[in-house]
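Q: Could you have a look at this structure, given as structure tokens, before my questions?
What follows is calculated from the coordinates using simple rules that are stated; it is not laboratory data. Since the model is a prediction, treat every value here as computed from it, not as a measurement. Using ideal geometry, Cβ is built from the backbone for each residue, glycine included, and neighbour counts are taken over all protein chains shown.
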Amino acid sequence: MKAGILHKPHTPLSIDDVDLDPPAEGEVILAMAGAGVCHSDYHFMDGHMTPWKTPWGMGHEGAGTVIEVGSEVQGLSTGDKVILSLDTMCGRCRNCTNGRPALCENNPRVPVTRMRTGGTPIYHFRPTFAEHTLASADACVKVPDDTPLEKACLISCAIITGVGAVVNRAEVKPGETMVVFGCGGVGLNVVQGGVLAGAGQIIAIDTVDFKLEKAEEFGATHFVNASKEDPVERVKQITGGGADYAFEVVGFPAIVRQAIESVRPTGSAVVVGVQPSGQEVSVEGWHLLQDRSLIGAFHGTARPRVDFPWMLELYKQGRLKIDELISRYRPLDEVNQAFEDMKAGTVARSVLVFD
């Protein structure tokens with residue numbers, strides 16, 4: 001099969017012919033149908049984050065069909081359609097039991113080498129920039145047979161991360177105000193999470209006009225181009241002193257600082273963006289003394305076996321925007337062009353599709 005491989009940072013991905021091991025106990029192999037091209041993937045390429053080891057099998061957001069099942073797998077059969085979760089969910093540990101399966105304590109966060117190219121092992125978790133991928137059955141959420149996987153693949157990361165940060169982690173209440181720093185694929189879903197939660201004012205902040213226009217389409221009520229005016233001061237003007245919630249969806253410590261500065265006393269800044277490896281986030285102590293909170297939100301505090309079907313149902317009802325999120329479909333061999341589109345700010349989300 002073919003897969004997108006990062007051989008070293010600061011280089012394009014190569015599309016390599018690779019061999020894949022058969023599934024072991026508790027594993028399945030999926031034929032990928034769709035894979036979203038996420039900025040988190042690009043962070044491994046531009047040095048923002050350090051890959052565990054290279055060569056690295058790329059991609060994390062996707063959906064596919066089960067084509068092979070290992071031993072001891074329950075609830076999945078060949079032909080089943082699934083959306084991949086970022087993490088396995090054992091269902092037994094403290095976090096799974098307490099409704100926080102995205103942070104399953106039994107999830108092995110150690111890369112494996114079940115793929116090879118020319119005899120060279122490839123490090124990976126469950127890469128989605130591949131025609132087939134190997135995944136733990138505990139990371140697969142079965143969905144109805146009529147699910148359009150080339151669209152539903154975005155629920156795997158962009159949608160749950162954004163919507164979940166609002167409804168699961170922050171628990172925004174009707175009428176509360178919120179500001180979104182960064183309106184890319186995940187940020188747009190923070191915006192529509194605010195719509196679903198009944199937020200009063202939803203302020204979109206970005207430096208790219210295209211993204212602000214998309215934010216309006218997704219339900220934002222106010223718009224700030226941070227390259228033209230001070231976003232913190234503008235948020236205070238719009239809200240009369242500061243928002244109840246600010247979501248940082250870019251991945252830079254300086255913007256985390258802006259986020260907490262833009263919320264009112266008793267407000268919360270929620271870190272959604274992936275921060276650079278090895279860098280620290282600092283805030284003024286007085287902000288915390290005024291009962292402001294700085295919290296993280298991993299994978300939208302997801303409960304994938306609950307949230308993914310719920311979001312599919314909202315999509316069927318026309319209440320969750322997925323079609324509008326997809327700016328372009330591309331084949332696997334155009335993955336580097338998809339990253340160029342993303343860097344240029346001309347797409348909300350690109351999706352790789354497979355024959």
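Q: Kirkwood hydrodynamic radius, the chain, all distinct C-alpha pairs: what's the number in Å?
A: 20.5 Å
Q: From Cα coordinates alone, what are the radius of gyration and Dmax values for region 224-334 in angstrom?
A: When restricted to the Cα atoms of region 224-334, Rg and Dmax are 17.4, 52 Å.
Q: Let me ask something else about it. Counting other Cβ atoms within 10 Å, which GluC sites (Glu not before Pro) in region 46-82 have at most 14 and lie in a DSSP loop?
A: Here the GluC sites (Glu not before Pro) that fit, given the DSSP loop and packing criteria, are GLU72.
Q: Give me VAL172, VAL190, VAL66, VAL195 sorted ascending by neighbouring Cβ count inside 10 Å, so fewest comes first.
A: Listing VAL172, VAL190, VAL66, VAL195 from fewest to most nearby Cβ atoms yields VAL195, VAL66, VAL172, VAL190.
Q: So which of LYS228/LYS343; LYS53/LYS316; LYS8/LYS81; LYS151/LYS228; LYS2/LYS214; LYS53/LYS211 end up more than 29 Å apart by C-alpha?
A: Correct reply: LYS53/LYS316; LYS8/LYS81; LYS151/LYS228; LYS2/LYS214; LYS53/LYS211.
Q: Kindly put SER327, SER136, SER85 in sequence by how many other C-beta atoms sit within 10 Å of each C-beta, fewest to most.
A: SER327, SER136, SER85
Q: Here is a follow-up. Is it possible to state the helix-based mean residue ellipticity at 222 nm for the chain, with each DSSP H run of 4+ residues giving -39500 (n - 2.57), the sum divided by total residues, to the nearest 500 deg cm²/dmol? What is it?
A: Result for the chain: -7000 deg cm²/dmol, rounded to the nearest 500.
Q: Same structure, new question: Which number comes out as Rg/Rh for region 26-139 once both Rg and the Kirkwood Rh are worked out on C-alpha atoms?
A: Taking Rh as the inverse mean 1/r over Cα pairs, Rg/Rh reads 0.97.
Q: Taking 0.36 nm per intervening residue step and subtracting the Cα-Cα distance, what contour gain separates ASN106 from THR11 on full extension?
A: Additional length available on full extension: 30.8 nm.
Q: Any idea how far the Cα center of region 18-56 sits from the one of region 249-291, in Å?
A: 29 Å
Q: Between region 182-214 and region 304-355, how many Å separate their Cα centres?
A: Region 182-214 and region 304-355 have Cα centres separated by 16 Å.
Q: For the residues ARG94, ARG169, ARG100, what sequence is obtained by ranking on other C-beta atoms within 10 Å, fewest first?
A: So the residues, fewest neighbours to most, are ARG94, ARG100, ARG169.
Q: So, one more: Under 12 Å from a point 7 Å along the Cα-to-Cβ line of CYS90: which residues of region 295-311 have their amide N that close?
A: Within reach of a label on CYS90: no residues.
Q: I would also like to ask the following. Of the peptides 119-126, 75-82, how do they stack up when ordered by the mean number of other Cβ atoms within 10 Å, highest first?
A: The packing order, highest mean first, is 119-126, 75-82.
Q: To continue, here is another question. Between GLN74 and GLU340, 0.36 nm times their residue separation minus their Cα-Cα distance comes to what?
A: 91.7 nm
Q: Over 22 Å apart: what share of the alpha carbon pairs of region 159-299 falls there, rounded to a whole percent?
A: It works out to 26 percent of all Cα pairs.
Q: Per q in 0.14, 0.17 1/Å, what log10 I(q)/I(0) does a Debye calculation on the alpha-carbon atoms of region 149-204 return?
A: Taken in order of the listed q values, log10 I(q)/I(0) reads -0.32, -0.47.
Q: Out of the DSSP beta bridges found with both residues in the chain, what percent are antiparallel (nearest 5)?
A: Percent antiparallel among DSSP bridges in the chain is about 60.
Q: Let me ask something additional. May I ask for the distance between the Cα centers of region 123-179 and region 77-91, given as a whole number of Å?
A: 11 Å
Q: Let me ask another. By how many nm would the segment from VAL306 to GLU229 grow when fully extended, if each residue of separation counts as 0.36 nm and the alpha-carbon distance is taken off?
A: Gain on stretching VAL306 to GLU229: 23.7 nm.
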